[in-house]
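Colleague: Before I ask anything, let me first share the structure, which is written out below as structure tokens.
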Amino acid sequence: MTVWDMEIPEKKLFEDNDFPASSTSLFSSYSTPIAKFRGKITWLRPQEISSSPRLFPENPQDGYIKQGLLGDCWFLCACEALHKNRLLLDKVIPSGQDSWIQSGCLRCRFWKFGHWVEVMIDDRLPCIGHRLCFSRCRSEEVFWLPLLEKAYAKYLYVFQRLHGCYEQLWAGQVCEALVDVTGGLADRWSLKSYKQSNEKNARFCFSERSKFELMKDLNDKSFISCSVHGSAKGSSERAEFHAFSITDVKQISGLKGNYVSLLKIRNIWDRQCWNGSWQEGGDGWKKLDPAIATLLQSTAEEGEFWVEEHEFFRDFDEVTVGYPVNMEGHILSLLTGKSLCHARQLSGEWVKGQSAGGCRNNSSFCSNPKFWLRILDPGEVVIAILQMRHDSSSKNGKAFWSENAAVHCQNNEEWLTTDILHQKRYRAIGLHVWKVEKKRFNLQKTVAKAPTISTECHTYDREVKLHCDLTPGYYLVIPSTFMKDEDGHFLLRAFSTSKISLSVVKAAHPLTQFEENSEGEWEIMQFTDSWINGKSAGGSRNFPTYNTNPHLPFSILSDTGAGNVRITLCQENFDGQFLPIGFHVYQVHSGKNLNQASPQLLEPVVTCVPHRYTQEMTQLCTLPTGNYEIIPSTYLPNSEAQFTVTVETKIDRKPFQCQEILGQTVNEVSYTSVMQR
């Protein structure tokens with residue numbers, strides 16, 4: 001027998017034991033309509049489905065996305081962003097995998113909590129009758145989409161700690177999937193109600209008219225999706241609770257000289273489902289020149305339809321917009337198009353009994369995690385807080401639907417259970433930001449004031465964002481849950497057009513005497529001055545030049561009891577060497593001036609001596625109503641340094657009472673019935 005007569009064993013293709021070709025990878029609780037296909041689904045490889053399978057199409061139209069039996073329109077709409085931007089697609093499905101057919105496996109990547117994670121799958125796909133039963137591309141020879149859909153189902157198991165399977169993809173938020181496949185940001189706009197959330201953030205609140213203008217501007221730069229949550233006048237029954245993609249936005253001159261604003265929308269079922277005035281043969285086209293109307297209708301691909309602006313805002317409920325990403329991989333502002341090229345991120349945690357202080361309605365709010373955001377130059381900033389789902393495992397393997405999503409599925413009540421209805425994916429979270437002075441500020445007084453910018457209310461979204469213009473300085477950022485003592489992990493991200501830094505506010509030291517007596521509201525006054533040789537560096541009271549030291553006036557306006565004043569002297573440190581410093585406080589009586597008297601001959605009401613070689617000295621004291629002056633000094637005359645004196649005075653005023661509100665639960669978007677073929 002020659003070598004040519006020997007049988008060469010066929011190379012065994014990869015089989016993924018972590019996500020096997022079995023019902024465990026299809027169902028978690030048989031709680032969705034695809035459960036009716038139990039026992040009918042088989043697993044086939046691309047070469048068993050198509051005679052010439054390939055990963056990506058040569059003609060982009062062959063890669064168009066089509067939805068199958070699975071209610072994952074939210075994820076597939078996010079995949080439209082990848083189909084539109086090859087740079088993003090190459091990040092999610094890395095290049096260099098030309099031999100995937102020969103190996104039977106594919107590597108995909110998803111963004112999770114601040115970094116990209118890799119998921120490896122085999123290429124066995126669910127089929128019914130030798131055809132893909134879930135997602136597929138327009139050309140059934142192209143397989144990037146069904147393979148990515150499978151990888152995402154496995155991703156839920158490996159990295160989200162759920163019972164990862166296809167059934168877990170039923171119902172979800174487009175914005176969440178967009179973040180998972182791009183690593184960027186996405187905004188959701190309600191089309192049914194508009195409310196300005198913050199006067200200081202008015203520039204970033206916009207009307208329906210400006211929303212349309214913004215969509216028109218973003219159409220070529222970003223991905224835009226829209227969705228219907230309930231019954232719509234222009235929709236057929238099958239289009240309810242469904243997500244679509246917006247493929248074009250135009251303003252065209254009408255026959256009456258006015259502008260007609262149109263949006264072209266694509267249904268990923270790849271078939272018409274809209275019966276509005278701009279359907280084929282509808283009355284809407286009579287507003288345009290017949291030649292223009294014919295041209296526009298000819299540009300509509302299969303599954304696409306045109307909707308006029310007023311019809312769009314009337315019949316659709318929500319828009320999701322992904323932040324554009326440039327060739328350098330930087331996120332662009334939705335509003336100005338500027339590159340948010342400076343980005344920082346830090347993770348944090350709310351811990352019950354320690355750092356889960358709840359919203360500002362709770363006295364424990366200050367115990368929440370705190371961060372410093374430093375803005376070096378004026379710029380546009382986006383601050384986002386992304387939470388990790390708090391239910392790390394499902395109860396009895398039940399599917400993770402929000403209550404609203406389950407209630408929406410009116411045609412499938414037999415699949416719903418009480419356990420599913422009460423599953424909640426996320427905490428209600430919010431974000432507050434105050435501009436403060438670094439290290440020298442009163443936390444209780446600061447958070448009692450209105451924040452520089454904040455979320456309108458705490459919401460059950462996975463991620464909430466603030467979009468603002470900020471001036472240089474330090475900002476205190478506090479993310480919180482609505483209820484106190486709710487555990488959770490989160491990621492704080494900041495994107496800016498200017499240089500920024502993000503750091504954790506260090507935990508407080510053990511309570512000092514002042515902190516133990518610091519209940520109530522405090523007013524803070526700061527003086528910044530210098531000891532200058534020959535002018536204002538008079539030295540201690542032992543020297544005749546003492547009176548030339550700076551005199552810093554303050555007043556006590558009401559009697560607020562013992563321990564009502566705290567005075568801190570802090571000298572600047574440039575070379576690690578400290579001067580011996582101290583201070584005295586004198587009461588100034590009516591008609592008298594310490595500059596005209598000799599303070600050495602007066603008895604101070606407060607002394608903070610002996611002079612010490614330290615950067616900071618603090619004295620808690622009790623002072624009655626009246627006028628006072630502080631004289632800070634070095635021990636020896638003509639010793640030069642800059643210094644800051646902080647006077648904290650307890651005031652007799654009720655603290656600011658906040659009444660924060662809780663937002664509604666998130667509406668999950670998916671269609672309610674399986675398409676009948």
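The values are calculated or read from the model by the stated rules, or taken from the named source; none is laboratory data. All figures in this text were calculated on a predicted structure; none of them were measured in a lab. FYI the Cβ positions are ideal-geometry reconstructions off the backbone, even for glycines, and counts take in every protein chain you see.
Colleague: Mind counting the residues in the stretch 301-350 that are touching a Pro at 6+ places or on another chain (Cβ under 8 Å) and outside any loop (DSSP other than H, G, I, E, B)?
Modeller: 5
Colleague: One residue is enough: does the stretch 103-123 have a residue meeting the conditions assigned to a loop (DSSP other than H, G, I, E, B) and in contact with a Gly (Cβ under 8 Å, 6 or more places away or on another chain)? Give the derivation first.
Modeller: Of all residues in the stretch 103-123, those assigned to a loop (DSSP other than H, G, I, E, B) come to 104, 113-114, 123.
Then keep just the ones that are in contact with a Gly (Cβ under 8 Å, 6 or more places away or on another chain); that gives 123.
There is at least one residue in the stretch 103-123 that is assigned to a loop (DSSP other than H, G, I, E, B) and in contact with a Gly (Cβ under 8 Å, 6 or more places away or on another chain).
Colleague: Next question, about the same structure. Looking at GLY353, GLY284 in this structure, which one is out of contact with any Leu (no Cβ under 8 Å at 6 or more places or on another chain) and part of a loop (DSSP other than H, G, I, E, B)?
Modeller: Unique residue meeting the criteria: GLY353.
Colleague: Can you name the strands (runs of 3 or more DSSP E) wholly within the stretch 474-559 that have at least 2 residues being aliphatic (A, V, I, L, M) and at pLDDT 95 or above?
Modeller: Per the criteria, 488-496.
Colleague: While we're here: Which residues, taken from the stretch 32-64, are among the β-branched types (Val, Ile, Thr) and part of a loop (DSSP other than H, G, I, E, B)?
Modeller: Within the stretch 32-64, THR32, ILE41 qualify.
Colleague: Within the stretch 75-98, which residues are among the acidic types (Asp, Glu) and touching a residue at least 60 places away in the same chain (Cβ under 8 Å)?
Modeller: Result: GLU80, single match.
Colleague: Here is a further query. So for the stretch 327-350 (the condition being among the small types (Gly, Ala, Ser), more than 24 Å from LYS465 (Cα to Cα) and either surrounded by fewer than 16 Cβ atoms within 10 Å (Cβ to Cβ) or touching a strand residue (DSSP E or B) at 6+ places or on another chain (Cβ under 8 Å) (or both)), does at least one residue qualify?
Modeller: No, the conditions are met nowhere in the stretch 327-350.
Colleague: May I pose another question? Report every pair of residues separated by at least 6 positions or lying on different chains whose Cβ atoms are under 6 Å apart, first residue within the stretch 602-624 and assigned by TED's automatic domain parsing to the domain that holds THR568, second surrounded by fewer than 15 Cβ atoms within 10 Å (Cβ to Cβ).
Modeller: So the pair list comes out as GLN615/ASN573; LEU620/GLN513; THR622/ALA562.
Colleague: Among the residues of the stretch 100-156, what is the count of those that are under 22 Å from LYS12 (Cα atoms) and aliphatic (A, V, I, L, M)?
Modeller: Of the residues in that region, 8 qualify.
Colleague: When you look at PHE75, is it outside any loop (DSSP other than H, G, I, E, B) and at pLDDT 90 or above, yes or no?
Modeller: Values: outside any loop (DSSP other than H, G, I, E, B): yes; at pLDDT 90 or above: yes.
Judged against the criteria, PHE75 is a match.
Colleague: Counting just the residues of the stretch 522-576 that are hydroxyl-bearing (Ser, Thr, Tyr) and within 20 Å of LEU620 (Cβ to Cβ), which one comes out nearest to the chain's Cα centre (by Cα)?
Modeller: Per the criteria, the residue is THR568.
Colleague: Being outside the structural domain of LYS484 (by TED's automatic domain parsing), in contact with a Lys or Arg (Cβ under 6 Å, 6 or more places away or on another chain) and modelled with pLDDT of 90 or more is the requirement here; does TRP306 meet it?
Modeller: Against the criterion (outside the structural domain of LYS484 (by TED's automatic domain parsing), in contact with a Lys or Arg (Cβ under 6 Å, 6 or more places away or on another chain) and modelled with pLDDT of 90 or more), TRP306 qualifies.
Colleague: Here is a follow-up. Residue under question is VAL260, and the condition is that it be more than 23 Å from SER227 (Cβ to Cβ), modelled with pLDDT of 85 or more and in contact with a Ser or Thr (Cβ under 9 Å, 6 or more places away or on another chain); does it hold?
Modeller: So VAL260 fits the description; yes.
Colleague: Please state which of the following conditions ASP72 fails to meet, knowing it meets all the rest: (1) crowded, with 22+ Cβ neighbours inside 10 Å; (2) without any contact (Cβ under 8 Å) to a residue 60 or more places away in the chain.
Modeller: In the conditions (1) crowded, with 22+ Cβ neighbours inside 10 Å; (2) without any contact (Cβ under 8 Å) to a residue 60 or more places away in the chain, ASP72 misses (2) alone.
Colleague: Yes or no: the stretch 96-117 includes at least one residue that is among the acidic types (Asp, Glu) and touching a strand residue (DSSP E or B) at 6+ places or on another chain (Cβ under 8 Å).
Modeller: No: the stretch 96-117 contains no residue that is among the acidic types (Asp, Glu) and touching a strand residue (DSSP E or B) at 6+ places or on another chain (Cβ under 8 Å).
Colleague: Among LEU636, LEU620, LEU569, LEU594, which is the only one that is in a loop (DSSP other than H, G, I, E, B) and modelled with pLDDT of 90 or more?
Modeller: Result: LEU636 is the single residue among LEU636, LEU620, LEU569, LEU594 that is in a loop (DSSP other than H, G, I, E, B) and modelled with pLDDT of 90 or more.
Colleague: Kindly indicate whether any position in the stretch 88-97 is among the hydrophobic types (A, V, I, L, M, F, W, C), assigned to a loop (DSSP other than H, G, I, E, B) and loosely packed, with under 14 Cβ neighbours inside 10 Å.
Modeller: Looking only at the stretch 88-97, we keep the residues that are among the hydrophobic types (A, V, I, L, M, F, W, C), and these are 88-89, 92-93.
Cutting the leftovers down to assigned to a loop (DSSP other than H, G, I, E, B) gives us 93.
With loosely packed, with under 14 Cβ neighbours inside 10 Å added as a condition, the list becomes none.
No - not one qualifying residue is present in the stretch 88-97.
Colleague: While we're on this one: Give the residues of the stretch 437-493 that are β-branched (Val, Ile, Thr) and surrounded by fewer than 17 Cβ atoms within 10 Å (Cβ to Cβ), sorted by residue number.
Modeller: Residue satisfying the conditions is THR471 alone.
Colleague: Next question, about the same structure. State whether one or more residues within the stretch 129-148 are closer than 30 Å to LEU492 by Cβ and either modelled with pLDDT of 95 or more or assigned to a helix (DSSP H, G or I) (or both).
Modeller: Yes, there is a match, as at least one residue in the stretch 129-148 is closer than 30 Å to LEU492 by Cβ and either modelled with pLDDT of 95 or more or assigned to a helix (DSSP H, G or I) (or both).
Colleague: Kindly establish whether ALA243 is hydrophobic (A, V, I, L, M, F, W, C), assigned by TED's automatic domain parsing to the domain that holds PHE27 and either at pLDDT 90 or above or crowded, with 21+ Cβ neighbours inside 10 Å (or both).
Modeller: In short, no.
Colleague: For the subset of the stretch 217-237 comprising residues that are surrounded by 17 or more Cβ atoms within 10 Å (Cβ to Cβ), under 22 Å from GLY282 (Cβ atoms) and not hydroxyl-bearing (Ser, Thr, Tyr), which member is modelled with the highest pLDDT?
Modeller: Only one residue tops the list, namely CYS226.
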